[in-house]
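Undergrad: For reference, the structure I am asking about is given below.
Just so you know, all these numbers are worked out from the coordinates, no wet-lab data involved. The structure presented is a predicted model; accordingly, all values stated were derived computationally and were not measured. Because the Cβ atoms are built from the backbone with ideal geometry, glycine has one as well, and the counts that use them run over all protein chains shown.
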Amino acid sequence: MYALLRPWLFRLAPETSHDLTLGLLAAASRLQLDTLAPAPVVDPIQCLGLTFPNRVGLAAGLDKDARAFEALGALGFGFLELGTVTPLAQPGNPKPRMFRLPEANALINRMGFNNEGLEPFLRRVQRRRYSGVLGINIGKNKVTPAERAAEDYTQALQAVHRHADYVTVNLSSPNTPGLRDLQQGDAFAELLTALGHTREALADREGRRAPLLIKIAPDLHDDDLKGLAAQAAERGVDGLIACNTTLSRSAVEHLPHGEEAGGLSGAPAHARALEVMALLRAELGPAYPLIGVGGIDHPDRARAMVAAGAQLVQLYTGLIYEGPGLVARVARALAAPAP
Ligand SMILES: Cc1cc2nc3c(=O)[nH]c(=O)nc-3n(C[C@H](O)[C@H](O)[C@H](O)COP(=O)(O)O)c2cc1C
C-alpha cells in the first residue's frame with residue numbers, strides 16, 4: 001500500500017507531505033478511526049517502571065504538537081514520544097528546512113522546534129484515549145538565553161509531568177543554538193540540579209514521579225558521552241535516549257542536499273547510533289534503561305540496536321521511507337527469539 005502512496009508523497013516538498021500526512025492522521029484521530037485498528041504486536045516489556053506493550057516507539061519530532069497521536073498509536077507502536085514542545089509557541093527556522101536524501105534513505109532537517117507551545121499541546125493530551133505509553137519530549141525556546149535554559153525545562157516539566165508516562169529532556173537538537181552545550185560541564189550539572197528540585201516538588205504534589213530521560217547527541221566524543229552517562233545515572237536520571245540527529249556529513253556530502261545545514265537522520269546515522277548505544281551500555285551496566293534510535297529502517301537494524309544494549313527502540317526516518325508497516329515488522333522481529 002505504502003509503495004503505491006510513496007511516489008505521490010515524494011513529489012511534494014518534504015514538509016508539505018509531512019503536514020498532509022499528519023493532517024490526515026489528525027482527522028482520523030478526531031473521527032476516532034483508531035478504534036478500528038488491529039491490536040499492536042503483543043510483546044510486553046517492563047522498563048522505567050512502566051509496562052510497554054511492545055518495544056517499538058515513535059521518535060520525537062513527528063508529532064510535535066500532539067495533533068495526531070491517537071491515530072499514530074493505532075499504527076502498532078508500543079509507545080509514542082510527542083514533542084519537542086517548548087514553553088512558548090515559536091515558528092522554527094525559515095523554510096525550506098527539511099530535505100530528503102533518497103539515495104541514502106536519509107533526511108536532513110533544521111526545523112528548529114517549530115511548535116505551538118505547551119498550552120494547546122496539553123489541551124490535546126488531556127483528552128487522551130491512547131492506552132500505550134506516552135512520553136513527552138521538552139525543549140527550550142530559542143529566545144531564552146542559554147543561562148536561563150533551566151527555567152524553560154523546569155517550567156515545561158511542571159506542566160507536562162501529570163500527563164506524561166515519561167518525560168524526555170531534549171539536549172541534543174542541533175537546530176537550537178547552544179542547546180547541545182547543555183550536555184556538558186557546569187551547564188549540565190546546574191540543569192540536573194534544577195530538574196532534581198522540580199521533580200521532588202512534583203512528587204510531593206502529585207504523589208508520583210514520572211521517569212525522566214535525557215536525549216543525547218551522537219556527535220559527543222566518547223569520553224564526554226561516558227562522563228554524561230555516569231553523571232546522569234548518579235543524579236537520578238532514569239534513562240537515556242540515543243541518539244538525536246547528527247551533524248556528520250561524511251556519508252552524504254556527495255549527494256544532492258547532502259550539505260544542507262541541520263541534523264542528518266536515517267540509514268547513515270545508524271552505525272554511530274549503535275556505537276553510542278554499546279558505549280552507554282558498557283558504561284551503565286546491564287539494567288539501566290536505554291532507548292535506541294537512529295537509522296532503524298529494517299528489523300535487522302532494530303535487532304542490532306537491541307543487541308548493542310537498547311531495551312526499547314524508536315523510529316522516525318524509517319517510517320518516511322518504509323511506511324507504517326515497518327512498525328509491526330520491527331515489533332514482530334523483536335518479539336521473536338533471536339535467530
Ligand atoms: C524532521 C525531523 C524532526 C525532528 N524533531 C525532533 C524533535 O523535535 N525532538 C527530538 O528529540 N528529536 C527530533 N528528531 C530526531 C528524531 O527523534 C530521531 O532521534 C532521529 O531522527 C534519529 O532517528 P531516525 O534515523 O529513525 O530518524 C527529528 C527528526 C526529524 C527527521
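Undergrad: Less than 12 Å Cβ to Cβ from K226, Lys/Arg counted +1 and Asp/Glu -1: what total charge do the surrounding residues give?
TA: In short, -3.
Undergrad: Using a cut-off of 9 Å between beta-carbons, work out the net charge of the residues near V252 (Lys and Arg +1, Asp and Glu -1, V252 not included).
TA: -2
Undergrad: Do any trypsin sites (Lys or Arg not before Pro) in segment 60-162 lie in a loop, going by DSSP, with at most 14 other beta-carbon atoms within 10 Å of their beta carbon, and if so which?
TA: R127, R128, R129
Undergrad: Just how far, in whole angstrom, is segment 282-339 from segment 198-229 if you go by their alpha carbon centroids?
TA: 21
Undergrad: Right, here's the next one. Compute and list, largest first, the equivalent-ellipsoid semi-axes of segment 8-147 from the alpha carbon gyration tensor, each √(5λ) rounded to a whole angstrom.
TA: 25, 20, 16
Undergrad: Continuing with this model, one more query. What do you get for trypsin sites (Lys or Arg not before Pro) in segment 167-210 restricted to DSSP loop and a cutoff of at most 13 other Cβ within 10 Å of the site's Cβ?
TA: Passing sites in segment 167-210 are R208.
Undergrad: I've got another one for you. Any chance you could run the full-extension gain for R208 through E147? It's 0.36 nm times the residue separation minus the Cα-Cα distance, nm to one decimal.
TA: 19.0 nm
Undergrad: Rounded if a/c is under 1.5, else prolate if a/b beats b/c, else oblate: with a ≥ b ≥ c from the C-alpha gyration tensor eigenvalues square-rooted, which is the chain?
TA: It comes out rounded by the Cα gyration axes.
Undergrad: Can you give the longest run of the chain that contains no GluC sites (Glu not before Pro) sitting in a DSSP loop with at most 13 other Cβ atoms inside 10 Å?
TA: Counting only loop sites that pass the neighbour cut-off, the longest clear stretch is 1-252.
Undergrad: Let me have the relative contact order for the chain, percent, based on Cα pairs under 8 Å that are six or more residues apart.
TA: 17
Undergrad: Could you list V167, V125 in order of exposure, starting from the residue whose Cβ has the fewest other Cβ atoms within 10 Å?
TA: Sorted ascending by nearby Cβ count, the order is V125, V167.
Undergrad: Please go through the residue pairs K64/K95; K95/K215; K140/K226 and name each one whose alpha carbons sit more than 20 Å apart in this structure.
TA: Among K64/K95; K95/K215; K140/K226, the Cα-Cα distance tops 20 Å for K95/K215; K140/K226.
Undergrad: D for segment 235-339, whole µm²/s, Stokes-Einstein with Kirkwood Rh over alpha-carbon pairs at 10 °C and 1.306 mPa s: what number?
TA: Estimated diffusion coefficient is 111 µm²/s.
Undergrad: Less than 12 Å Cβ to Cβ from D43, Lys/Arg counted +1 and Asp/Glu -1: what total charge do the surrounding residues give?
TA: Net charge in that neighbourhood comes out at +2.
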